Amino acid sequence: MSNLDNLDKIVSLAKARGFIFQSSEIYGGLSAVYDYGPLGVELKRNIRDAWWKEMTRRHDNIVGIDAAIFMHPKVWEASGHVGGFNDPMIDDKQSKKRYRADMIIEQHIEKLRKDEKHEEANAIQEKLDSCGSRKSLTEDLYEIIIENEIRAPESGAFDWTEVRQFNLMFKTQFGSTSTEEDGVYLRPETAQGIFVNYKNVLDTARVTVPFGIAQTGKAFRNEVVARQFVFRMREFEQMEMQYFVKPGTDEAEYEKWLEKRLEWHKMMGIREENLRTAPHPEDKLAHYARAAADIQYKYPIGWQEVEGIHNRTDFDLNQHAEFSGKKMDYYDQKNQERFTPYVIETSVGLDRLTLMVLCDAYREEEVDGDTRTVLKMNPKLAPTQVGIFPLIKKDKLQDLAHKIEEDLREEFSILYDESGSIGKRYRRQDEAGTPFCITVDFDGVESEGEDTVTIRYRDDMSQERIPVSNIANVIRDGMKSWKPE
Ligand code: GAP
């Protein structure tokens, strides 16, 4: 089991080893925005590449696109984000902190249940479930908070503003003059870039329903509760795939994709016991969804969504048809019928995936009275796959180490390191998650016959001597046969 009980250890390791830094750190940082350092960018790229390969190359009916971040403002009216992408927020006047009103109530209910006050908890839950049916949503939420004297979690004060809707989209201006009409949004999801290109793909890519369009790219949300490292950010990266299917086949396709996506996380080496699926209750579905489920990971902050699978029906295509005046239907030549496809969406956050890989890999182990911190991640995802060390700084050893480095560089990501004791170099690579280290020593270059080196395996720290000509094969085998512990 991972011995990670909070995010702090990951946050400090990520900073110390160059995985993830706070954005604009020298100016005091920018809240919920992060930069990826040299190791982080490689890890993230490897995860993105693995997803892309899985979703496009392994399917002959899924193609990729790369749509722009800026889109016509009408897109967001059609998608429902202008009208509906809101969170009901309430401010604690004393601490000036802002909270999601429904979450404050849910936390209160949870506390009542812990205190065995089930009747009271049930009564509030019932009122929460029917919010919006008495007055407006915001007024109903406010009433519950006031009636039950729910206090601010941090300050303990009972000094609230009204509940207000807060749109999560960032707005900016196009052109040199700023009129209301020039307003454009930073996209809050990549999915809409796929919907508006559905016809273009259909007309150019020789695809027939069922087919998919995949895309990776940045998305932006003005998250209010954003204090969980790269779990919830204001600028993040999504990897989404919209699968266009014939209505009536949507439910089976939804189940299939949910299962396929869960399997992929396991294939990436995430331990099974830390993954689960959680269907959304019908009354909590997003405005566009007929069915939805999270794939959740057991983060140190609890079970949380890493990926969402949604049956979006024909909602988006119909909306874009209505708002753009362009046809979005599909003609099935084989069966000579016309319909608007339903869409099954798989949507995963790359930053949450990166955090999941780090958390799942993190171990602290006792070794010879010392604590070894090691990232036991899938070697295919590791930022550095092979460390190459001459035992000491002597020409003979350095020359061979450099030659091995040259030979392996094309195929693997390599780090050459000759500073510090060999033990320290191993530990540095353990913390970076490097699965294989090659040490060149005098025994290997001075014995009769072919030169040999020592290969050291990250996970169990075992070592073996192998001929130089066999290094690439041994690493390839090690990568293929790797399993999470
Ligand atoms: N197109 C559907 C959609 O955007 P979502 O559940 O809002 O659905 C999908 O987001 C995924 O994007 C989430 O499962 C999560 O991994 C990631 N995500 C969403 N908001 C995020 C944020 N503020 N920071 C980091 N990742 C986020």
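Table for the structure above
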{"read-out": "Rh (Kirkwood; distinct C-alpha pairs) - the stretch 86-148, Å", "value": "12.1"}
{"read-out": "Members of Lys111/Lys284; Lys15/Lys480; Lys256/Lys480; Lys44/Lys97; Lys199/Lys266; Lys93/Lys218 lying beyond 28 Å, as alpha-carbon distances in this model show", "value": "Lys15/Lys480; Lys44/Lys97; Lys199/Lys266; Lys93/Lys218"}
{"read-out": "Percent of Cα-Cα distances greater than 41 Å, calculated over the chain", "value": "32"}
{"read-out": "Qualifying lysines (Cα of each under 21 Å from Cα of Lys114; at least 8 residues distant if same chain)", "value": "Lys127"}
{"read-out": "Computed over the stretch 209-274: relative contact order in percent, which uses C-alpha pairs under 8 Å that are six or more apart", "value": "33"}
{"read-out": "On Cα atoms only, tilt of 350-361 relative to the major axis of the chain in degrees", "value": "50"}
{"read-out": "Candidates per GluC sites (Glu not before Pro) in the stretch 47-118, loop by DSSP, up to 10 other Cβ within 10 Å", "value": "Glu116"}
{"read-out": "Extension gain, Leu168 back to Val33 (0.36 nm per residue minus Cα-Cα distance, nm)", "value": "47.1 nm"}
{"read-out": "Most to least packed among 37-45, 362-370, 403-411, 91-99 [average Cβ atoms within 10 Å]", "value": "37-45, 91-99, 403-411, 362-370"}
{"read-out": "Point-charge dipole on Cβ atoms (K/R +1, D/E -1) for the chain, about Cα centre, debye to 20", "value": "680"}
{"read-out": "Once the Cα gyration tensor of the stretch 109-226 is diagonalised, semi-axes √(5λ) in Å", "value": "42, 23, 14"}
{"read-out": "Backbone N within the stretch 376-406 under 17 Å of label point (7 Å from Ala16 Cα along the Cβ vector)", "value": "376"}
{"read-out": "Label point distance in nm, Lys284-Lys266, each placed 7 Å from Cα along Cα→Cβ", "value": "2.4"}
{"read-out": "Helix 137-147 vs. the chain, principal-axis angle (Cα, 0 to 90°, nearest 10)", "value": "90"}
{"read-out": "CD proxy at 222 nm, helix term only [per DSSP H run n ≥ 4: -39500 (n - 2.57); per residue of the chain; nearest 500]", "value": "-10500 deg cm²/dmol"}
{"read-out": "In the stretch 434-470, the trypsin sites (Lys or Arg not before Pro) that fall in loop regions by DSSP, at most 16 other Cβ within 10 Å", "value": "none"}
{"read-out": "FRET E, pair Asp477, Ile146, Förster distance 41 Å, beta-carbon r, rounded to 0.05", "value": "0.05"}
{"read-out": "Sites matching trypsin sites (Lys or Arg not before Pro) across the stretch 269-355 that sit in DSSP coil, with at most 10 neighbouring C-beta atoms within 10 Å", "value": "Lys326, Lys334"}
{"read-out": "Degrees separating the helix 471-481 axis from the principal Cα axis of the chain, which is the longest one", "value": "40"}
{"read-out": "Gain on full stretching of the segment that runs from Lys326 to Glu448 - 0.36 nm per residue minus C-alpha separation", "value": "36.3 nm"}
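Rule-based calculations on the coordinates, nothing more; no lab input. Here the structure is a predicted model, which is why all the values come from computation and not from measurement. Every residue, glycine among them, receives a Cβ derived from its backbone with ideal geometry; neighbour counts consider all protein chains shown.
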